[in-house]
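Rule-based calculations on the coordinates, nothing more; no lab input. Quantities reported herein were computed from a predicted structural model and do not represent experimental measurements. Neighbour counts run over all protein chains shown; Cβ positions are idealised from the backbone, glycine included.
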Amino acid sequence: MAVLPIRVVPDPTLRQRARRVKSIDGSTQKLIDSMVETMHAANGVGLAAPQVGIPLRVIVIGIPEEEEIVIVNPQIIRRTGGRRVNEGCLSVPGYVGEITRSESVRVKGRDRHGREIRLRGDDLLAQALEHEIDHLNGVLYTDHLESADELRPAERSEEADL
Ligand SMILES: [Zn+2]
């Protein structure tokens, strides 16, 4: 386990489409552990593997006071509702933007042991799932801004970084 350096824009890994994980093995476990540690060290609520320079479809989410969620090869199977949210990203430091995210999403994928999982996320968890899965497709939240005025400098400890 190690705290890994977080890639920031304009690092090209952030714009690549990440590859599916074919077999969940020891190196995947090591990556997951390091991602969880890196997310906590950065006070983030979520992290996707491309943010640490690894173009694989792995995400971790750590909503405060809740157990971490690890999903390998996650896929959104349903989105419902929409709400305006303030969002930040560890890979876009110093900014926060207002965008629209779903109220609720259903996601399927594999857990860290390779078992199939399905979960439903509402509110912050839905936002985090959409944000991290976007990272796997080379998409940043800033791509969802309707105008440049929706991006502003972040004030200290304001919004969750994903
Ligand atoms: Zn992010």
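Ranked by how many other Cβ atoms sit within 10 Å of their own Cβ, fewest first, the residues His135, His40, His144, His113 fall in the order His113, His40, His144, His135.
With a Förster radius of 45 Å applied to the C-beta separation of Glu68 and Leu151, the computed FRET efficiency comes to 0.95. Ranked for footprinting exposure by Cβ neighbours inside 10 Å, fewest first, Val96, Val8 give Val8, Val96. By how many degrees, 0 to 90 and rounded to 10, does the Cα axis of helix 123-136 deviate from the longest principal axis of the chain? Roughly 70 degrees, rounded to the nearest 10. Between Ala2 and Leu119, the simple label model (points 7 Å from Cα in the Cβ direction) yields a spacing of 2.7 nm.
In this simple spin-label model, placing a label point 7 Å from the Cα along the Cα-to-Cβ direction at both Asp143 and Gln16 gives a separation of 1.6 nm. When the Cα gyration tensor is reduced to axis lengths a ≥ b ≥ c, the ratio a/c is 1.5 or higher for region 77-129, and with a/b not above b/c it is classed as oblate. Note on Met35, Met1: ascending count of other Cβ atoms within 10 Å places them as Met1, Met35, the fewest first. Compared with the alpha-carbon gap, the fully stretched path from Ser23 to Thr80 is longer by 17.4 nm at 0.36 nm per residue.
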